[in-house]
Amino acid sequence: MSIRWFNIIGFVMLLFALFLNEIVYMNVWYGSNFGLIVPAILYLGVGVWLSLWGGTRCQEA
C-alpha cells in the first residue's frame, strides 16, 4: 500500500488537531461550549479516515 495524496492530507489534519486540541479544551472547559465537541470529533474522524484509507482498488476479472 502506497501513500497517496489523501493520506498526506489526513496526516496534516491530525497534526493540526494537536494545536487545535488546546483551543477546543479551553473553550469547552471555561466557556461550557459543548457545541464545539461534535465538530471536533467529526474533524478527527475525517483525519483518521483519510490517513488510513487505501483508496479504490481495481477488480480483476
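The residues in segment 37-57 that are among the polar types (S, T, N, Q) and on the phi > 0 side of the Ramachandran plot can be counted, and the count is 0. Can you pull out every residue in segment 18-33 that is modelled with pLDDT of 70 or more and farther than 22 Å from residue 48 by Cβ? Correct list: 26 only.
The values are calculated or read from the model by the stated rules, or taken from the named source; none is laboratory data. What you see is a predicted model, and the numbers here were worked out from it, not measured in a lab. Neighbour counts are summed over all protein chains in view; Cβ atoms, including those assigned to glycine, are modelled from backbone coordinates with ideal geometry.
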